[in-house]
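Everything below concerns the one structure shown next.
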Amino acid sequence: MSAEITVHVRGSNRAGRPLLLLLHGFGSHEHDLPAIAGHLPPVWDWASLRAPLAAGNGGFSWVPIEVPGRPDPQVVADSTAAVLAWLDVNVEPGTVVVPVGFSQGGLMVTQLLRAAPERFAAGVVLSGFVLDAVLPGDEALAARRPPVFFGHGDTDQVISPDATARTSAWLPQFTDATEVVYPGLPHSISAEELADVSTFLEKVLPDGATGR
């Protein structure tokens, strides 16, 4: 696979500014999730990454969809490594980073936390899921227990119920999880959910990390 990451960034170039790492879903692109940034605390800079795999019709993916909710672990690992490599080159050490992912991007949020838990202050999983596998970083993640927001609707027609249930069971074992289920919400993001994410992010920043 290509490990190339394309990025759409809003940056302030001010030391100490925290960063939201926006990770889109299957078949989308880096210009999708920035639409939610205006609903989140303005103190955060953001970088929206394009997934490295072409998915057709101008869209991209982090992993191909073969068995829904159960992607190939090696392909997931390759995409995770590509994101971490981008961070190595482009984000200053010590920056407060929170990955925010929708759908397949939510899978990537959990993978980043599992692969390098020391690099992320928290995570936001929107209508996403966790890989059904034991990974080497799980023990370290459980020791750190970063806060994770997991929001999804109860009428999601894309993520399988078993993948959602697996994620609901897994997150509290390894993270300080906040799960919110939105009645009537399909595979989408609502204004109510974004308000909850905004409140969650306001609690994440340590003193001195606001960049104000």
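The values are calculated or read from the model by the stated rules, or taken from the named source; none is laboratory data. Keep in mind that what you see is a predicted model, and the values were worked out from it rather than measured. Backbone-built Cβ (ideal geometry, glycine too); neighbour counts: all protein chains shown.
Only one entry in 167, 155 is under 23 Å from residue 66 (Cα atoms) and more than 17 Å from the chain's Cα centre (by Cα), namely 155.
The single condition from (1) surrounded by 17 or more Cβ atoms within 10 Å (Cβ to Cβ); (2) over 21 Å from residue 33 (Cβ atoms); (3) of a type in the set (Ser, Thr, Tyr) that residue 110 fails is (2). For the stretch 117-128, does any single residue satisfy the condition of being of a type outside the set (Lys, Arg), surrounded by fewer than 18 Cβ atoms within 10 Å (Cβ to Cβ) and modelled with pLDDT of 95 or more? Looking for residues that are of a type outside the set (Lys, Arg), surrounded by fewer than 18 Cβ atoms within 10 Å (Cβ to Cβ) and modelled with pLDDT of 95 or more, one finds at least one in the stretch 117-128, hence yes. Out of everything in the stretch 26-46 that is of a type in the set (A, V, I, L, M, F, W, C) and in contact with a Pro (Cβ under 8 Å, 6 or more places away or on another chain), what residue ends up being farthest from residue 129 (Cα to Cα)? Checked the stretch 26-46; the qualifying residue farthest from residue 129 (Cα to Cα) is 43.
In the set (1) outside any helix (DSSP H, G or I); (2) without any contact (Cβ under 8 Å) to a residue 60 or more places away in the chain, the condition left unmet by residue 132 is number (2).
Those strands (runs of 3 or more DSSP E) of the stretch 13-126 in which 1 or more residues are of a type in the set (Ser, Thr, Tyr) occupy 45-50, 59-61. Restricting 39, 31, 24 to residues that are loosely packed, with under 14 Cβ neighbours inside 10 Å and in contact with a strand residue (DSSP E or B) (Cβ under 7 Å, 6 or more places away or on another chain) narrows the list to 31. Does the stretch 176-183 contain any residue that is in contact with a Gly (Cβ under 9 Å, 6 or more places away or on another chain), surrounded by 17 or more Cβ atoms within 10 Å (Cβ to Cβ), in contact (Cβ under 8 Å) with a residue 24 or more places away in the chain and among the hydroxyl-bearing types (Ser, Thr, Tyr)? Yes, because at least one residue in the stretch 176-183 is in contact with a Gly (Cβ under 9 Å, 6 or more places away or on another chain), surrounded by 17 or more Cβ atoms within 10 Å (Cβ to Cβ), in contact (Cβ under 8 Å) with a residue 24 or more places away in the chain and among the hydroxyl-bearing types (Ser, Thr, Tyr).
Yes/no matrix, rows are residues, columns are (1) more than 19 Å from residue 127 (Cβ to Cβ); (2) modelled with pLDDT of 85 or more; (3) in contact with a Pro (Cβ under 9 Å, 6 or more places away or on another chain):
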residue	(1), (2), (3)
48	no, yes, yes
52	yes, yes, no
58	yes, yes, no
65	no, no, yes
72	yes, no, yes
75	yes, yes, yes
79	no, yes, yes
85	yes, yes, no
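Yes or no: the stretch 195-202 includes at least one residue that is outside any loop (DSSP other than H, G, I, E, B), closer than 22 Å to residue 63 by Cα and in contact (Cβ under 8 Å) with a residue 40 or more places away in the chain. No; the residues of the stretch 195-202 include none that is outside any loop (DSSP other than H, G, I, E, B), closer than 22 Å to residue 63 by Cα and in contact (Cβ under 8 Å) with a residue 40 or more places away in the chain.
Scanning the stretch 58-71 for residues that are surrounded by fewer than 20 Cβ atoms within 10 Å (Cβ to Cβ) and in contact with a Gly (Cβ under 7 Å, 6 or more places away or on another chain) yields a single hit, 59. Residues that are out of contact with any Phe, Trp or Tyr (no Cβ under 7 Å at 6 or more places or on another chain) and acidic (Asp, Glu) were ranked within the stretch 129-153; the one that is surrounded by the most Cβ atoms within 10 Å (Cβ to Cβ) is 132.
Among the conditions (1) more than 25 Å from residue 37 (Cβ to Cβ); (2) buried (at least 16 other Cβ atoms within 10 Å of the Cβ); (3) modelled with pLDDT under 95, the only one that residue 164 does not satisfy is (3).
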